[in-house]
1. What is the spin-label model distance, in nm, from SER209 to SER305 if the labels are put 7 Å beyond Cα along the C-beta direction?
2. Kindly work out what percent of the DSSP beta bridges joining two residues of the chain are antiparallel, to the nearest 5.
3. Run the accessible area of region 120-191 with a 1.4 Å probe and give the carbon-and-sulfur part as a rounded percent.
4. Cβ neighbours within 10 Å, averaged per peptide: list 65-73, 221-229, 162-170, 123-131 in order, most packed at the top.
5. Checking understanding here: applying a Kyte-Doolittle mean of at least -1.0 and a length along the axis of at least 18 Å (C-alpha), which whole DSSP H helices in the chain pass?
6. Using a 1.4 angstrom probe on heavy atoms only, work out the carbon and sulfur share of the accessible area of region 28-79 in %.
7. Give the value in nm², to one decimal: projected area of the alpha carbon convex hull of region 97-233, averaged over all directions.
8. Could you give the nm distance between label points at THR319 and SER57, where each point is 7 Å from its Cα heading toward the beta carbon?
Amino acid sequence: MKIWTIVFTLAISTVMMQHAAGASDNVGVRQIVVPSKERGINLDVTVWYPAQSGGESVVLGESVFFVGTSAMRDAPISNGKFPLILLSHGAGLAGNPQAMSWIATPLAQQGFVVAAPTHPGNSGKNRSAAETMKIWLRPGDLTEALNAMEKDAFFKDHFEHDKVGALGLSIGGSTALAIAGARIAPKLLAGYCDTDAHNSSLCGWVRQSGVDLHTMNLQSAGRGNEDKRIRFAMAIDPAPVDVFEFKSFYGISIPVDLINLGQPGKIPLSVQASEVAKAIPMANYATITDASHYSMFAECKPGASEIAESEKIGDPICTDGGGRSRSEIHEQLIDMTTAAFSRALKTGP
């Protein structure tokens, strides 16, 4: 395992690219509907892809808090075949595919197809603590999205079926680890919110919602969710990483990159991935010390912090680690992600 630490302490004087500034004419976005037998409902899947000219300019992920990112809806797809990245979003305010546009769009610009299913019950008006904590269902959403992409008339001839990876942020990071072969320990999940030691924000919401994890049906929680079609996985601040059966990490057979956002020693236990990286046979581990878990959100609009405070959201959604702007941190995450997936999926046979 290679371990490297990325430390950014100096201000960068160059002006970084603003992803929301102007339409990304060479990136298309398209919605497909995917049936999920286990969920008993259809999943909405957002797909970004390298595109030819055409389509309708749209902005995805914009809200009262966050800046959106533009793409071209239903633009013709570019000629050729491209590696596929299955993207798993987090929960709460970033709990939908469109909120991940800031990273999905530049990946498509770099020659990837990116498919992100909406994990039911994880955000919006129908957000549910009980559904959010059924984290063992999430890898199946990625598998169903992949199954659909392999048959979809628009996409099936434009991605390389043997070059598929998984990318996840926050709870999506744990989803990426699970589809790579990690298994949840039901007992750890059941006791996760007995105290606030693991994740006070998440567990406070779980208890306030009246959810008792001990009474949830966890019969399937410890099952294997590995999808052998996945060749590489990347997890950014995977949460809650401390509910996995630790020995299952030793059995992951594909390369995995893990990134933590924050200073070593101050990274919350619920996302701390350094020991996980040591257990996975082919793993890289990195930290971005001047970032925070909230750096995975899109760039905040002016006044967003005050609105969040007035609405008693509680989490510092616009706060990073200090020293650099969120757009600069995003640029680094995009560069790291692009390099990792290019290395894993664009090289070799």
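1. 2.8 nm
2. Values: 22 of 52 bridges.
Once the DSSP bridges in the chain are tallied, antiparallel ones form about 40 percent.
3. Numbers: 1150 of 2400 Å².
About 48 percent, which is the carbon plus sulfur part of the accessible surface.
4. Working: 65-73: 22.8, 221-229: 17.0, 162-170: 25.4, 123-131: 13.9.
Ranked by mean Cβ neighbours within 10 Å, highest first: 162-170, 65-73, 221-229, 123-131.
5. Values: long enough: 138-151 (21 Å, -0.86); 326-345 (28 Å, -0.13).
Length and hydropathy pass: 138-151, 326-345.
6. Working: 1150 of 2400 Å².
About 48 percent, which is the carbon plus sulfur part of the accessible surface.
7. Numbers: hull surface 36.7 nm².
That works out to 9.2 nm².
8. It works out to 3.7 nm between the two label points.
The values are calculated or read from the model by the stated rules, or taken from the named source; none is laboratory data. The shown structure was predicted, so the numbers you read here are calculated from the model rather than taken from an experiment. Heads up, the Cβs are rebuilt from the backbone with ideal geometry, glycines too, and the neighbour counts pull from every protein chain shown. Please note that ligands, DNA and RNA were not included when accessible areas were found on the heavy atoms of the full protein model with its side chains. Shrake-Rupley method; radii C 1.70, N 1.55, O 1.52, S 1.80 Å.
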